[in-house]
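Structure first, commentary second.
The values are calculated or read from the model by the stated rules, or taken from the named source; none is laboratory data. Note that the structure is a prediction, hence the values are computed from the model and not measured. FYI the Cβ positions are ideal-geometry reconstructions off the backbone, even for glycines, and counts take in every protein chain you see. Ligands, DNA and RNA are excluded from the accessible area calculation, which covers all protein heavy atoms including side chains. Shrake-Rupley method; radii C 1.70, N 1.55, O 1.52, S 1.80 Å.
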Amino acid sequence: MLRIGICDDAAEVRQQLHAMVERLLAKRAVECQIYAFSSGEGLLGWMDKHAGELDLVFLDIEMGGINGMDTARRLRADSGILQIVFVTGYADYVFDGYTVGALGYVLKPPQQAQIEDILIRAMAALFQQSEQVFVCKNSDGMYRIPKNTIRYFCSDRRQVTCVTDTRRVTFYARLDDVEQMVGAAFVRIHQRYLVRAAAVERMDCGAVVIGGEQLPVSRAHQSAAMAALARAILD
């Protein structure tokens, strides 16, 4: 499922892009969910409540209120993996997109060949990122969380909470399964805790400290956990 945002203050452009993207992805049998926004403020407000739920954003540069470039800067500050594509009527703006790591740009009126090229490159970029993100889902939506922002996972019965530098996301899973999904960069220190080794600030007797928070290391996991964490700190 590809989740796409279209942000443009012109309803006609939003409708054109929506129809074109949906049609092109259907040809490739790619499921998508498309969200439309008429302003940068609207997009940013939605993203505050749905962080990590978009893969790609088509963003108009010349909007009233918060313009597209300022909107992109705020989006990029919150996510290094969101794919941003500028939509503009002026080629002069193109080079500004490099400052926020934009995937590309689309000139108005949008042309099918341009949109198809953007979608192909976006899907390729997302595939390359797949090893760098942890994907989970709860009743609020699907989240693609960069692994290098995760501090630890904590389980409570059948619920797991992913604690990052900026938020907590809770979802239904087994911590054993999460451990298999995230790989060797994460270390099990307790039946309830799985930590990213590089996020550990220090190791105390029977505990580790991450982000100023002290987490217990159980006796059953102590030897293996301390050895793995020591290797990670040395690396």
- [ ] Kindly state which strands (runs of 3 or more DSSP E) lie completely within region 120-235 and contain at least 3 residues that are surrounded by 13 or more Cβ atoms within 10 Å (Cβ to Cβ) and touching a Lys or Arg at 6+ places or on another chain (Cβ under 8 Å).
- [x] 150-156, 159-164, 193-196, 207-210
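Conditions tested, residue by residue: (1) in contact with a helix residue (DSSP H, G or I) (Cβ under 9 Å, 6 or more places away or on another chain); (2) over 22 Å from A125 (Cβ atoms); (3) polar (S, T, N, Q); (4) at pLDDT 90 or above.
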position	(1), (2), (3), (4)
V13	no, yes, no, yes
Q16	no, yes, yes, yes
A29	no, no, no, no
K49	no, yes, no, no
L56	yes, no, no, yes
TODO: Provide a single number: the residues in region 61-110 that are assigned to a loop (DSSP other than H, G, I, E, B), within 23 Å of the chain's Cα centre (by Cα), within 24 Å of A124 (Cα to Cα) and at pLDDT 85 or above.
DONE: 2
TODO: Could you tell me which numbered condition M181 fails, if it satisfies all but one of (1) of a type outside the set (S, T, Y); (2) touching a residue at least 40 places away in the same chain (Cβ under 8 Å); (3) in contact with an Asp or Glu (Cβ under 6 Å, 6 or more places away or on another chain)?
DONE: (3)
Open item on the list: Looking only at region 21-33, how many residues end up being open to solvent by less than 30 Å² (accessible area, probe 1.4 Å) and either over 19 Å from Q129 (Cβ atoms) or in a strand (DSSP E or B) (or both)?
Closed with: 2
- [ ] Could you check, for region 149-161, whether at least one of its residues is in contact (Cβ under 8 Å) with a residue 60 or more places away in the chain and within 23 Å of Q128 (Cα to Cα)?
- [x] yes
Open item on the list: Here's a check for you: in region 36-45, which residue that is open to solvent by 50 Å² or more (accessible area, probe 1.4 Å) and within 27 Å of L24 (Cβ to Cβ) is farthest from the chain's Cα centre (by Cα)?
Closed with: S38
TODO: Return yes when D48 is of a type in the set (D, E, K, R) and over 23 Å from Q128 (Cα atoms) and no when it is not.
DONE: yes
Open item on the list: Quick check on my filter: what residues within region 102-124 are in contact with a strand residue (DSSP E or B) (Cβ under 6 Å, 6 or more places away or on another chain) and either touching a residue at least 12 places away in the same chain (Cβ under 8 Å) or under 15 Å from L82 (Cα atoms) (or both)?
Closed with: A102, L103, G104, Y105, V106, I118, A122
Task: Criterion (touching a residue at least 12 places away in the same chain (Cβ under 8 Å) and in contact with a helix residue (DSSP H, G or I) (Cβ under 7 Å, 6 or more places away or on another chain)) met by exactly one of A173, A220, A225, A232 - done: A232
TODO: Search region 43-62 for residues that are basic (K, R) and pair each with any residue that is open to solvent by 10 Å² or more (accessible area, probe 1.4 Å) when their beta-carbon atoms are under 9 Å apart and the residues are at least 6 apart or on different chains.
DONE: K49/D140
